[in-house]
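The values are calculated or read from the model by the stated rules, or taken from the named source; none is laboratory data. As the structure is a computational prediction, the values presented were derived from the model and not from experiment. Here the Cβ is made from the backbone with ideal geometry for all residues, glycine too, and neighbour counts use every protein chain on show. The protein model used for the area step is the full one, side chains on, heavy atoms only, and it has no ligands, DNA or RNA in it. Shrake-Rupley method; radii C 1.70, N 1.55, O 1.52, S 1.80 Å.
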Amino acid sequence: MYLIEVLLFVVAVVGVIWIGIAKSRRTAGASEGASDYFLAGRGLTWWLVGFSLIAANISTEQFVGMSGAASNWLGMAIASYEWMAAVTLVIVGFWFLPRFLKAGLYTIPEFLEYRFGGVARLAMAMAIPAIVTLVFVATSSVIYSGGKFVSEYYNDIPLLNNLTVVCWLIAGFAALYVFVGGLKACAWTDLVWGSALILGGVIVMIAAFSKLESMPAEELIATKVENSTATLEDLKEAGAWERFLLLNDGVDGEAIARNGPNGSGGKVHMIRPKEDSDLPWTALLVGLWIPNFFYWGLNQYIVQRTLGSKSLAEGQKGIVFAASLKLLIPFLVVIPGILAYNLFSGDLLASDGSYDYDRAFPVLVRNLIKPYPLVSWFVLAALCGAVISSLASMLNSASTIATMDLYSKFSGEKDSRKLVRIGRGFVLLFVVLAAFVAPSLDQFVSIFSYIQEFQGFISPGILAVFILGFFSPRTPRAFGAIGIVLNAVAYALLKWVLGPWIVSKGWWYSQEMAFLDRMAICFFLVLGFGLLVTRLRPLEEPVRMPVNDKIDLESSRGAKWVGALVCSLTVGLYIVFW
């Protein structure tokens, strides 16, 4: 380990955490209340909102999980999570956010109480818990992926090559500044880490293509996909980008995407065969939109940034800014993941001879960046800082839900300063629970698949309930809780009972029902049930939502134009990588 790398890395991480805490304490002071701690005093500007959204979202979950999935057979197709998210964000900014800010929400489950009653709020916050999702899925997976990166990067250093030790170190750093500074500390550190993360990704991508151009063609040819007709001579005469295409797309794009193990078909295609177990093209029609809308529109730890906006226009500009940055992410995460297999496939092998694709990005950084300590400290700090930043954001959001939706609701406590103290207690509890779970996630083949699969039990039902909550004011209040529970039961049946049975009868179009297809079925089931009960037992009087008159709710015209441009560019990217 280079001493200069370690010193610069530690100074960067500790320095940014100190900046976040100092900024948050400067404005809060002794009068800090619940709005200050949980929503940054509702004073976030658009650039803080935008960078905070990206930094909270793009962490080692993407750089480890998504890059690993791209290194495997999915290739470029995994970029749908990013590019479809760009369109989703635009819709959220002009469809969801105005309703949330108008109601003056602290938490997303709070909306359900206003619209469907307290039982529905608890169903989202506890019975099918947002808290469990945040702590045992989102938070633990970010701790794991951060620990995976550091332990693989320093695979020859005692303690730092121990996944469990590194997981606890990361959890401790994150708990420190969210405990002290709340959402405002997260937002200011997100500004730094979000910028550094994008620049760090650019550095790794450039280094990977440089290595691809200089690497002997005799070594590269072994990683060519089966249906590419590229020859050794083609590779010798090609530049970096041409080599990338020859290996993963063929001479004239003949390497179409095929269902099968890694290397069976082309990896530079957004559209996968309908038989694909993870991302069949059918999922792009409905299934993939469900986790996208849930994550960006109804996920507390993401939406909490927009709820802290100083006005609707600032929130919308921040969201559209984040949407534009989402278009860049696949070039910094997905393509380097594909390159990791082309360049260092041998380093992805585990001790049992199988491939550990979650090693893809750490292997790239270790082989390409680590030899240059004056650069490596920055990339390492950006990635680790993003982990700590995302983790802190998740802890802040989980504590917000636990405090405002559970403790305050049951105890009747309204004192803001006491609620902040309770929230800090929940931060400590949740970080300990997540750190205990994180190392066990190493048993999963793909951490990204683990996260998405679990969301199926929650996201389709909640999205369906919110859609009817937005646009059907006479839908019965009981539907809120029933719809969420119905989805969890239906998804479990499709995963373990009905799905395998339907496939065994030959009634499905592939040999396995993809989790995104299960999500789509559950979404339409809950939505159909809601429309049916609305038809049979509508409310006599439409529900009226509360109105927050303390925030400017004028929409941003400029954000609408930029949002339209983002949607157009997304369509263009799908055409290019079809």
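Kirkwood hydrodynamic radius, computed over distinct alpha-carbon pairs, for the stretch 224-283: how many Å, to one decimal?
After inverting the mean inverse Cα-Cα distance, the result is 11.8 Å.
In bins 10 Å wide, starting from 0, what share of all Cα pairs of the stretch 465-530 does each bin hold, as a percent?
Per 10 Å bin, starting at 0, the Cα pair percentages come out as 20, 45, 23, 12, 0.
With r defined as the distance between the Cβ atoms of Leu159 and Ser264 and R0 fixed at 35 Å, what FRET efficiency is calculated, to the nearest 0.05?
0.30
For Arg474 and Val576, what is the calculated FRET efficiency with R₀ set at 60 Å and r taken between the beta-carbons, to the nearest 0.05?
FRET efficiency, Arg474 to Val576: 0.85.
Can you give the extra length, in nm with one decimal, that the chain gains between Ser510 and Val547 once fully stretched, where that is 0.36 nm per residue apart less the Cα-Cα distance?
Gain on extension, Ser510 to Val547, equals 8.4 nm.
Could you work out the pair-distance distribution P(r) of the stretch 330-439 from its alpha-carbon pairs, with 5 angstrom bin width and percents rounded to whole numbers?
2, 10, 13, 14, 13, 12, 10, 8, 7, 6, 4, 1
Just add up the charged neighbours of Leu232: K/R +1, D/E -1, any other residue whose Cβ is under 13 Å from the Cβ of Leu232.
-2
Find, among the trypsin sites (Lys or Arg not before Pro) in the stretch 473-578, those assigned to loop by DSSP (not H, G, I, E, B) with at most 11 other beta-carbon atoms within 10 angstrom.
Sparse-neighbourhood loop trypsin sites (Lys or Arg not before Pro): Lys505, Arg544, Lys550.
Label points 7 Å out from Cα along the Cβ direction at Glu213 and Ala240: separation in nm?
0.5
Mind listing P(r) for the stretch 214-373? All alpha-carbon pairs, 5 Å bins, whole percents.
Final binned percentages: 1, 8, 12, 15, 16, 14, 12, 9, 6, 4, 2, 0.
Dimensions of the stretch 287-358 along principal axes (Cα, Å, largest first)?
54, 23, 21
Mind scanning Lys326/Lys560; Lys211/Lys317; Lys211/Lys267; Lys267/Lys317 and naming the pairs with a C-alpha gap bigger than 28 Å?
Listed pairs above 28 Å: Lys211/Lys317; Lys267/Lys317.
In the chain, carbon and sulfur make up what percent of the accessible area (probe 1.4 Å)?
Of all accessible area on the chain, carbon and sulfur atoms account for 65 percent.
DSSP loop (so not H, G, I, E, B), at most 16 other Cβ within 10 Å: list which GluC sites (Glu not before Pro) in the stretch 211-256 pass both filters.
Glu226, Glu254
In Å², and per residue, what accessible area does the stretch 277-400 have when probed at 1.4 Å with the other protein chains present?
That works out to 23 Å² for each residue.
Expressed as a whole percent, how much of the Cα-Cα distance distribution for the chain exceeds 38 Å?
28
Find out how many positive minus negative residues lie around Ile78, taking Lys and Arg as positive, Asp and Glu as negative, among other residues whose Cβ is under 12 Å from that of Ile78.
-1
Can you give the accessible area per residue of the stretch 529-578, in Å², using a 1.4 Å probe?
Accessible area per residue: 79 Å².
On the full set of protein chains, 1.4 Å probe, figure out the accessible area of Val150 and give it in Å² to the nearest 10.
Spelled out: Val150, probe radius 1.4 Å, area about 10 Å².
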